[in-house]
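Have a look at the structure below before the remarks.
The values are calculated or read from the model by the stated rules, or taken from the named source; none is laboratory data. Here the structure is a predicted model, which means the values were calculated and not measured. Cβ coordinates were reconstructed from backbone atoms using ideal geometry, including for glycine residues, and neighbour counts include every protein chain displayed.
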Amino acid sequence: MKLNLRNCLYLAGSLFIAYLLIHYWEGALSIISTILTAAMPLFIGFVAAYIVNILMTGYEKLYFPKSQKKIVAKTRRIVCMLAAFLTVIGAVVLIVLLVWPNLVSCIQTLIAQLPPLVDRFLAIEFVEENLPQELFTVLSDFDWKTHLTKAANVLMNGVTSAAQVVMQTVTGVISGVITAFLSLIFTVYFLMGKEKLLSQTSRLVDSYVSEKWNSRLRYAGGVLNDCFHHYIVGQCLDAVILGVMCALGMVIFGFPYAGMIGALVGFTALIPVAGAYIGGAVGAIMMLTQSPLTAILFVLFIVVLQQLEGNLIYPKVVGDSVGLPAIWVLAAVLVGGGLFGILGMLVGVPLTAAVYRMIKDDVQKREAM
C-alpha cells in the first residue's frame, strides 16, 4: 500500500473507530442492539419475501405464460403473490386443524386411562416384589388424575397464559403488532418491486465498488442465492417425503392417527435432524392413549425412520439440491446446531454449500492455470 495522505487518513480513521469500539464497548453494543431492533421488521420482511418469492416465481411460470394480453401482464405479480401467501397460510392452517383436535382428545383420554394403567402395573407380582418400597409407596399414593390434569392445563393453556401475560403489557403488544405489520409491508414491497430493488442495488455497487471487488461480490451473491434457494426447496421436499413415509409406515404397521401424525412429523421435519423427533414425541404421547406397548413400538418406528431419513434421504435430497456431499451436509447440521442451535441448523447447510462451491471453483481455476 502506497503511503499517501488518503491512505493515512483511512488508517487513522480505522484506528480511531477501533479505539472507540474497544473503550466504549458497552455503549457501542447498546447502539448496535438498538439499530438491529429497529431494523428487525426490515430483516423479517426480507427473509419472508425471499421464501415466498420461491413459490411466487413458480406460480408466475404457470400463470398464462404464453399470453400477450396486458391484463395478464398487469395482474401476474399480484395474483401469484397472493397465491403464494395463501399456499403458506393454507398449509399451516391445515396442519393445525389436523393435529390440534386429536391432540386435545388424546390428552384427555390419557388423563383418564393412565391411573388405572399404573395400578395394574403395580399389581404385577414381579413389580411389587422388586420395586423399591419408597418408589412403590410414592406411585401408589400419587394422585395421578389431579397432577395430570394440572399438567394438561399447563400444556394446553401455556401458550394462552403466556399470551395473556404479554397482552397485559401494552407496550409489548403495540411493539409486536407494529413489527408484524411493518414486516408484512416490507415483504409485499420487496416482492412487488424486486426487479427495481435489484437494479438499484446493482447501480450502487457499480458506482461505489471497484471492478475487481464488484465481480467478486456478484459472484458470492449469486452462489449464496443459488444455495439458499435450492436448500429451501430441498428441505421442503425432504419434509414432504418424511411425512408421507411416516404416514404410510403407520398404516402398514397398523398405528392409529397415521394421517395426523404424518402431517405433524413432516411439518416439524422442516427443522433439520431434530424436527422429526419433536413430532414423534407428540405422536408417542398420543399412542399412550391406545396402550404403552403401542407407544413403545411407535417410538422404535420413528427412531428407525429418522435414522433412515437422516443418513440416507436427507443428505441425498438436500445435498444434491445444493451440490454438497452427504458427509458435509451432516457436518454442517451438527456444527451449526452445536454453535447456534436451531438457527445454526437452518443456515448451516446453505452457508457450507456456498463456501464449498466457492472453494471448489477457486481450486479448479488455480489448477487450470
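Check off (1) buried (at least 16 other Cβ atoms within 10 Å of the Cβ); (2) within 27 Å of Ile178 (Cβ to Cβ) for Val99 and give me the number that stays unchecked.
(2)
In the list Leu217, Leu198, which residue meets the criterion of being under 30 Å from Gly323 (Cβ atoms) and surrounded by fewer than 11 Cβ atoms within 10 Å (Cβ to Cβ)? Outline the logic, then answer.
Numbers: Leu217 fails: surrounded by fewer than 11 Cβ atoms within 10 Å (Cβ to Cβ).
Just a single option satisfies the conditions, and that option is Leu198.
Conditions: (1) under 23 Å from Tyr189 (Cα atoms); (2) in contact (Cβ under 8 Å) with a residue 12 or more places away in the chain. Leu82 meets all but one. Number of the miss?
It fails just one condition, (2).
Quick one: in the range 1-15, of everything that is of a type outside the set (A, V, I, L, M) and exposed (fewer than 10 other Cβ atoms within 10 Å of the Cβ), which residue is modelled with the lowest pLDDT?
Among those residues, the one meeting the criterion is Lys2.
Yes/no matrix, rows are residues, columns are (1) at pLDDT 80 or above; (2) hydroxyl-bearing (Ser, Thr, Tyr); (3) within 27 Å of Phe228 (Cα to Cα):
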site	(1), (2), (3)
Val47	yes, no, yes
Gln68	yes, no, no
Ile71	yes, no, no
Arg77	yes, no, yes
Leu94	yes, no, yes
Pro101	no, no, no
Glu129	no, no, no
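Say we look at the range 192-218 and pick out the residues that are not in a helix (DSSP H, G or I) and not hydrophobic (A, V, I, L, M, F, W, C); which of these is modelled with the lowest pLDDT?
Quick first cut of the range 192-218, residues not in a helix (DSSP H, G or I) only: 193, 209-210.
Okay, now just the ones that are also not hydrophobic (A, V, I, L, M, F, W, C), so 193, 210.
Values: Gly193: 87, Ser210: 83.
That would be Ser210.
Can you tell me which condition Met56 does not meet? The list is (1) at pLDDT below 90; (2) part of a helix (DSSP H, G or I), and all the others hold.
(1)
Please specify each residue of the range 59-76 satisfying the condition of being in a helix (DSSP H, G or I) and loosely packed, with under 15 Cβ neighbours inside 10 Å. Please lay out each step first, then the result.
Pass one, the range 59-76, residues in a helix (DSSP H, G or I): 59-62, 70-76.
If the condition is that a residue be in a helix (DSSP H, G or I) and loosely packed, with under 15 Cβ neighbours inside 10 Å, then Lys61, Leu62, Lys70, Ile71, Val72, Ala73, Lys74, Thr75 are the ones that fit.
Going by what's in this entry, would Ile31 be described as farther than 22 Å from His229 by Cβ, in a helix (DSSP H, G or I), under 36 Å from the mean Cα position of the chain (by Cα) and in contact (Cβ under 8 Å) with a residue 60 or more places away in the chain? Spell out the reasoning first.
Working: farther than 22 Å from His229 by Cβ: yes; in a helix (DSSP H, G or I): yes; under 36 Å from the mean Cα position of the chain (by Cα): yes; in contact (Cβ under 8 Å) with a residue 60 or more places away in the chain: no.
No.
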